[in-house]
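Note sheet for the following structure.
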Amino acid sequence: MRSHRRTLFLLFTANGISGFAQGITMLAVPWYFAQQSMSSQFNLLYGIITFVTLLWGLTAGTIVDRFNRKNVFLLTNTAEATILLLVASYGFFAGELSTWLIVGVFATTIFGFYLHYPNLYAFAHEISSEGEYTKVTSAIEIVGQSTNVLAGAFAALLLEGLSWHPELTLLGQTYHFSLTIEAWSMHKIFLMDGITYLLSIGLISLIHYIPRFEDKIERGSFIKRLRSGFRYLRQHPAIFRFGFFSHSIFVIMLVQLHALMPLYVSQYLGAGGHVFGGAEVLYGLGALSAGIGVGRLFRAVHPVLTIAVMMAITTGALLLSATTQSVGIFLGVSLLIGFTNAGTRVIRLAFLFKYIPNEVIGRVNSIFSILNVLMRVCFIMLFSAHFFGIGSNVVFAYFILSIFTAFSALMLLQQNRKQALA
């Protein structure tokens, strides 16, 4: 038990450290393009990158189920650290980075996600017992979202800088203070990101890990192993429907964060990077509260109904964003969507952990991720149209996303408990 806890501690700490800088990078790049008045071009490139990840996502699932999961973490972090540190070094040498290098780092981070998270979930599933599933998935959210809170706060500082000159009068004497933080260039942000990968490598290397299901590993060809994942879902259609529709909040959250929020904040609200970073902090705080309390709050409610309720709340939050023009309301909506997204993920993962065998969970999660990608590609390519970048037209994108979450909630509600366990 002590070794088990140490493994989870090292795994979650490594994930949190690398996730901190990843969060800053994933915020900094879209904001950089928004400040250059290139959001439409970025959204088009983001859509293309997301589409390209389709085949990679399927490949990632077969890697997770075939190879030692500790080694997969080490190789992934090593590859990402190498790329980011090389790009950062070039930036220091040349004094700046080209648009294509910045997009390249963004693409590297996204590709890393598609291997990292299926591997993280499969690893956590493998070393946990059934009675721990909700606690473990909650812990993943708590650690991940705590780092998102810090990442959002730091992003607000690093993207805009800070110039603060307060005065304090005490006993008739006035004291002047000054705090100045220069805005960071992209290559400095990428350097910090690359260093955190190295720290993660060090922590993961300390994990003592012997695969529990080595005798069940499927060692056939890539195609054969991939077919096994699809075959499992064909044999369990209720699991497929649940996994597919329960992903909708995650779809809209990523689309909103990377494709819509820079436009919404800069053009519709007329606000700066501090609001952009503040929204990410509140996303994280909402998600953190979900990680801590959602398991207790909805303990007596069936997972399908719980997630449908979360989707209904998200639908209302999106409609509120589309029909108001207030920074305060926008930040409140960010807190709310952070809660519903993370709460859904905790419930969803615990449910899938319970019913999907560990030897196929990497492939099954990757298939769900690919379907998630397809939905995001459709939305991102749609919202890259020039229409959504004009004036306040970004609000129409929020209307469209609210229809999507409402539809997904209705589809989930069609399943009763007996169907969900089929």
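Quick one: net charge around Ile204, please, counting Lys, Arg +1 and Asp, Glu -1 for every other residue with C-beta under 12 Å from its C-beta. So the surrounding residues net to +2. Stretching Asn393 away from Ser89 to a fully extended chain increases their span by 105.5 nm, per 0.36 nm per residue minus the current alpha-carbon distance.
Each label was represented as a point 7 Å from its Cα along the Cα-to-Cβ direction; for Lys354 and Phe67 these points are 3.4 nm apart. Of the residues Asn358, Val304, Ala290, the one whose Cα sits farthest towards the positive end of the charge dipole of segment 279-387 is Asn358 (charges of +1 on Lys and Arg Cβ, -1 on Asp and Glu Cβ, taken about the Cα centre). Remark: the Leu297-Thr180 segment gains 37.8 nm on full extension, using 0.36 nm per residue and subtracting the alpha carbon distance.
Ranked by the mean number of other Cβ atoms within 10 Å per residue, highest first, peptides 201-207, 68-74 order as 68-74, 201-207.
Ordering 343-349, 356-362, 245-251 by mean Cβ neighbour count within 10 Å, with the highest value first, yields 343-349, 245-251, 356-362. Each Lys and Arg Cβ is given +1 and each Asp and Glu Cβ -1; about its Cα centre, segment 1-139 then shows a dipole of about 400 debye.
Since every read-out is calculated from the coordinates, none of them should be taken as a lab result. Everything numeric in this text was worked out from a predicted model, so none of it was measured. As a convention, Cβ positions derive from the backbone with ideal geometry for all residues, glycine included, and neighbour counts pool all protein chains shown.
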